[in-house]
Each structure stands twice: as C-alpha cells, then as structure tokens.
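Here is the structure we will look at.
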Amino acid sequence: TWAGRSDCRHCAVRSLMVFSALPEDAFTSVLGGIQHSMHPSQSVLYEQGQPGKFILSIRHGWVKLIHADANGVTRIVRLMGAGSLLGLELFSLRQQEYYLQSAVSYGEVDLCRIPLSTMRRLSEEYPELYPGILRRSQEHVNAADEVIASFSTGALRQRIGHVLSFLSREMSQQGGFSLMSVAEVAALVG
C-alpha cells in the first residue's frame, strides 16, 4: 500500500541520486507529492494499457516489466533494479497516456510513486537537471536491455544459465533470492 507524503530527500538519496542535485527548497515545493511504499513479491504495480499518472522510482528490489502481445502471449522484457525509473514512456514527447508494459515486483520492492505532474513541473522549473535524470534512467534501461539480450541469445541451456547466473549474482546482494517459476524463466528466455 502507498504511504502518505514521504520524506522526499530520503526517496531521492535511496533512488540512486535521481533527484539529489536539486536545491533543498525543491524537496518541499516540487517533490512534495511523492509517496513511498513497500510491496511484497508478485505485486502488480501497474498494468499494460492502464492510464498512467505516476512514474515509479525503485529504491530497493527488482521489478519485472512484462509485455503482452495481441494474442495474450506474455514476455518479461526487462528486469529493473534500484535507481530505475519506471513509466517514463508517459513523459515522452509522444504524450503517451498509457503504460506500455505491466510492472510486477520480483521479491519485496521499496518504491517511490512520483506524480507525472511533478515530473513535468521539475522539467519546467529545473530544466538544467532534467537531462541528467533522463540520462541516468536511460543507463538503467540500457543495462536491463543488455541483460535481457543475454537471456535470449544462444542455446536454451545457455540462456537458462545466464538467468541463473544473473539471479545469483545480482539479486543475492540483497541478502538472498528465490528462484523464478518455470513460467517466469520461460518468459525471460523466450
């Protein structure tokens, strides 16, 4: 569940400095609408095609971005970790109004929910900072894309090996992890 108004400075620092370059007064004037929450594993954070009003900042944990095609076949297209911003498609120049994938927590996830209006205001009031936020966010997307590419390259046994290696290396840094279900591994390796 979403908590009430959060400590925006804490969200900014925990979100790998997404907003850390902002001046102190921005945390009350611009970032006041941010809400903090914890979600158990397999929580649906938003659904593909749902109208979007928020961008999510991952403070701790992992989120699966899942795409469903017109036939209902689903595929995990990204695994996003701490510091990532989810839902940035809502802020694109194309004025996207709906989430392009579903977001589901993988393990317990600590998030900040940022109103889209806050992001727009941030870009207007602090235009010099906003490109850096987008650049850091794109770096997270690029890293996630590289991982997913390794999950879909090579023989099936190699792809499954890549998934297990990633899980043991990246997610065990959080003090342990549980294996994905067979269906989730299949959705990752295609």
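The values are calculated or read from the model by the stated rules, or taken from the named source; none is laboratory data. Keep in mind that this is a model prediction, so the values were computed, not measured. Methodologically, a virtual Cβ is constructed for each residue, glycine included, from the backbone with ideal geometry; neighbour enumeration extends over all protein chains shown. Ligands, DNA and RNA are excluded from the accessible area calculation, which covers all protein heavy atoms including side chains. Shrake-Rupley method; radii C 1.70, N 1.55, O 1.52, S 1.80 Å.
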TODO: State whether one or more residues within the range 89-103 are part of a strand (DSSP E or B), open to solvent by less than 20 Å² (accessible area, probe 1.4 Å) and under 25 Å from MET180 (Cβ atoms).
DONE: yes
So GLU97, is it modelled with pLDDT under 85 and either within 17 Å of HIS67 (Cβ to Cβ) or of a type in the set (Asp, Glu) (or both): no
Those residues of the range 111-120 which are in contact with a helix residue (DSSP H, G or I) (Cβ under 8 Å, 6 or more places away or on another chain) and surrounded by 14 or more Cβ atoms within 10 Å (Cβ to Cβ) amount to CYS112, LEU116, MET119
Cβ pairs under 8 Å, 6+ apart or interchain, first in the range 65-81 and over 16 Å from VAL141 (Cα atoms), second polar (S, T, N, Q) and open to solvent by 50 Å² or more (accessible area, probe 1.4 Å), ordered by first then second residue, are ALA68/GLN48; ALA68/THR74
Across the range 140-160, the tally of residues that are modelled with pLDDT of 85 or more and open to solvent by 60 Å² or more (accessible area, probe 1.4 Å) stands at 3
Any residue that is modelled with pLDDT of 85 or more and either among the acidic types (Asp, Glu) or at negative phi (or both) - is there at least one of those in the range 19-36?
yes
When (1) open to solvent by less than 10 Å² (accessible area, probe 1.4 Å); (2) among the hydroxyl-bearing types (Ser, Thr, Tyr); (3) within 17 Å of ILE34 (Cα to Cα) are applied to SER123, the one that fails is (1)
Residues of the range 107-138 being acidic (Asp, Glu) and part of a helix (DSSP H, G or I), in sequence order, are GLU124, GLU125
Pairing a residue in the range 164-190 that is surrounded by 12 or more Cβ atoms within 10 Å (Cβ to Cβ) with any residue that is part of a helix (DSSP H, G or I) and modelled with pLDDT under 70, where Cβ atoms lie under 6 Å and the two sit 6 or more apart in sequence or on different chains, gives PHE177/MET171
Q.
Going residue by residue through the range 51-71, is there one that turns out to be at pLDDT 90 or above, open to solvent by 40 Å² or more (accessible area, probe 1.4 Å), in contact with a Gly (Cβ under 6 Å, 6 or more places away or on another chain) and not in a loop (DSSP other than H, G, I, E, B)?
A. no
